[in-house]
Amino acid sequence: MRKNTVRNEFDAALLAEINAIREEWLREQRIVNAAVPTAWNDESGVQILRARYELLYAEARRRQLHSHDIAPGLISHFTDTFNG
């Protein structure tokens, strides 16, 4: 019984972290897209957020977690933006 309670707590924390990272990633992506391209414009922060989101999302899938708040289409939707 205790094992399931701890697992549920960690699962909820994982989903919350995924959602927080997703929001931060989208915010940073909008800033980069709106910014004037310059030599000083660095997208590495956005790429790091994307990698963190993908890692946590993969973990959630491995644990077979389901949430209506997670948008799996974000990874494939932004692939062209990051690779281009």
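Read-outs: derived from the displayed coordinates by stated rules, not from any lab. Since the structure is predicted, the reported quantities are computational estimates derived from the model, not experimental observations. Cβ atoms come from the backbone with ideal geometry, glycine included; neighbour counts cover every protein chain shown.
For this structure, a couple of remarks:
- Using a Förster distance of 25 Å, the FRET efficiency for Q47-V6 (Cβ separation, nearest 0.05): 0.15
- Summarising the label geometry, the points placed 7 Å from Cα in the beta-carbon direction at E54 and R30 lie 2.4 nm from one another.
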